[in-house]
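Each remark here refers to the structure printed beneath this line.
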Amino acid sequence: MVLKHYAMPQLYPVEKFSSYEIKEVPGSSHYHDWVDAALNGTQTTDNFDYAGPLTETVQLGNVATRVPGVTLLWDAPAVRILNSPEAHRLLTQGYRAGWMIEPVV
């Protein structure tokens with residue numbers, strides 16, 4: 001799936017998904033939706049259930065570009081790359097004392 005910021009998402013391969021109808025979700029703006037959700041105790045359409053996996057995918061793509069020619073084996077529950085110590089080291093950085101964040105597994 002390709003999700004453009006200026007148009008509806010496009011599913012690939014196009015031939016396979018040509019009859020699939022993507023429903024458009026009406027809304028005002030990300031900013032207003034976020035404020036409304038905070039005030040009303042509701043969820044937005046772009047909540048962390050959506051953004052978390054999307055961000056994980058994008059960041060793994062960034063790591064993959066740093067280790068070309070290697071198919072990375074990702075263990076999501078353990079938050080680790082199994083077959084490339086070099087790639088796994090790129091997942092995090094050192095933090096100053098008092099700012100360390102332990103991954104939730």
Among the residues of the stretch 9-31, which ones are at pLDDT 80 or above and among the aliphatic types (A, V, I, L, M)?
Leu11, Val14, Ile22
Considering only helices (runs of 4 or more DSSP H) fully contained in the chain, which possess at least 2 residues that are of a type outside the set (D, E, K, R) and in contact with a strand residue (DSSP E or B) (Cβ under 9 Å, 6 or more places away or on another chain)?
48-66, 85-89
Could you give me the residue pairs with C-beta distances under 9 Å whose first residue belongs to the stretch 78-100 and is farther than 11 Å from Val63 by Cβ and free of Cβ contacts under 8 Å to residues at least 40 places away in the same chain, whose second residue is part of a strand (DSSP E or B) and of a type in the set (A, V, I, L, M, F, W, C) wherever it lies, and which are 6+ apart or on separate chains?
Arg80/Trp74; Leu82/Trp74
Meets criteria (under 18 Å from the mean Cα position of the chain (by Cα) and on the phi > 0 side of the Ramachandran plot) for Val58:
no
Would it be correct to say that Thr44 is surrounded by 10 or more Cβ atoms within 10 Å (Cβ to Cβ) and either touching a residue at least 60 places away in the same chain (Cβ under 8 Å) or in contact with a Phe, Trp or Tyr (Cβ under 7 Å, 6 or more places away or on another chain) (or both)?
yes
Quick one: in the stretch 77-105, which of the residues that are surrounded by 10 or more Cβ atoms within 10 Å (Cβ to Cβ) and closer than 30 Å to His30 by Cβ is modelled with the lowest pLDDT?
Thr92
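The values are calculated or read from the model by the stated rules, or taken from the named source; none is laboratory data. Just so it is clear, the model here is predicted, and its values are computed rather than measured. Heads up, the Cβs are rebuilt from the backbone with ideal geometry, glycines too, and the neighbour counts pull from every protein chain shown.
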